[in-house]
Amino acid sequence: MQKIKSAALALPALLLAGCAAALPAANTATIETAAAAAPQTLKVYTSASLAPAAQAYAEAQGVALTMTDEAASADLLLTDHAPGGSLLDVTSDTLLAAAAARAGITENANALPLGRSLYGYWARADVLNALLGDGAAAALQTANWEEWSDFVETLSAWMAEPKAATVTLSGTDYTLPDARPGSLTATGVFAAPLDRASGYTAALLAADGTYTADALTGPLNGVYSAVTLEWDNMAADGGEGIFRRAKLTDLLAEYGADTCNGLVLVPFKCQLDDSDLTAEDYNAEGLLNYPVLADVGSIAINAGTSADGLKAAKSAALWLYSNGAGEDALTETLGVVTPWNTAAGTTAVTAMQVQQVGTGILPGVALDTAAADALTANELTLQDSEKHTKAERTAFVDGALAALGAE
């Protein structure tokens, strides 16, 4: 398997403001002592996108895997965001502490990060080319907010009644065809997102990580515009969309690598301008045009699990962090950039991820499960909205502020 080390993933210094290097230098800490032989049973609480890693461990080590919907009863937790509850301090165990050091963690922590993955709107390259011609994906990636929102609304009307229509993207005109291409099976512009919480990265970066109403209100208004545009042009009844907001890890688990190899990425675009920013290291253009390298989640161990459960959970965590096949499960199966900055470039979509990270990304912002769930619930309140009033916008922003614990 091709491994791309951190030097290949470091971002060039000449990128525009807001696209500074997000990946730290590779940590050279290693796990000197081999983990104990894997036990025979393991109870896991996991999200759908991370389940393949647990399954890969079980298959490789001959472990009987039990999935549970109750986090408190599991030995091992694989969650999209930092979990709550009573969890083992990973630095309290010699082997787990060595694993934590590999991820750059040296102080008390109750979870090990699983890595990062590209986040934004994903679409089939062949569909975009059939709709707009060659170069459409690149033009969409750098389109400004006005161009993007006009394109979405024009495309939605075209899908209801196909006829030639011109849209402007990145300053260049493109013409939608006068008939529906055979490759287009979608029923709406957007499909329901697989991950909503990572969409708040640009807003939090714009606020310079300051969790106050003064810093976040402007950027969150920009998120509101993006979310309502999405809801207004969503495929009905859970139908297929041309674009789907997700992390690459979500898509690989949902569709498989073969399907994902035909995808391209467009950033999740929020209506921001420079007056919304308090951060000095970013500008509105960079926050609009670069995708996010989002945190994909973490590994945690329940503090109250049995001695056998603890042994089982430790073995699984150490296998992912210190075993070559375990690293393959992270980089190839899940499709992540690991916490120690390796990645797979063996498929078209993972090679594209490596290339994009080398070109420019926005660093993901870590959220705990409670905040992520609250942000998701807040977006869902807009689902059946028909009139986007000032009161609705204010309520959405207030809900997001509360979810983020803003002061």
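Is it the case that some residue within the range 208-220 is out of contact with any Gly (no Cβ under 8 Å at 6 or more places or on another chain), modelled with pLDDT of 95 or more, under 27 Å from residue 353 (Cβ atoms) and aliphatic (A, V, I, L, M)? For the range 208-220, residues out of contact with any Gly (no Cβ under 8 Å at 6 or more places or on another chain), modelled with pLDDT of 95 or more, under 27 Å from residue 353 (Cβ atoms) and aliphatic (A, V, I, L, M): absent. Within the range 215-233, can one find any residue that is at negative phi and assigned to a loop (DSSP other than H, G, I, E, B)? Checking the range 215-233: at least one residue is at negative phi and assigned to a loop (DSSP other than H, G, I, E, B). Among the residues in the range 302-310, are any modelled with pLDDT of 95 or more, surrounded by 21 or more Cβ atoms within 10 Å (Cβ to Cβ), out of contact with any Lys or Arg (no Cβ under 9 Å at 6 or more places or on another chain) and not aliphatic (A, V, I, L, M)? Among the residues of the range 302-310, at least one is modelled with pLDDT of 95 or more, surrounded by 21 or more Cβ atoms within 10 Å (Cβ to Cβ), out of contact with any Lys or Arg (no Cβ under 9 Å at 6 or more places or on another chain) and not aliphatic (A, V, I, L, M), which makes the answer yes. Within the range 331-342, track down each residue that is touching a strand residue (DSSP E or B) at 6+ places or on another chain (Cβ under 8 Å) and over 16 Å from residue 251 (Cβ atoms). Passing the criteria: 338, 339, 342.
Taking the range 121-155, which residues are in contact with a Phe, Trp or Tyr (Cβ under 9 Å, 6 or more places away or on another chain) and of a type in the set (Ser, Thr, Tyr)? Within the range 121-155, 121 is the sole residue that qualifies.
The values are calculated or read from the model by the stated rules, or taken from the named source; none is laboratory data. Just so we're clear, the structure is a prediction, and the values are computed from it rather than from any experiment. Methodologically, a virtual Cβ is constructed for each residue, glycine included, from the backbone with ideal geometry; neighbour enumeration extends over all protein chains shown.
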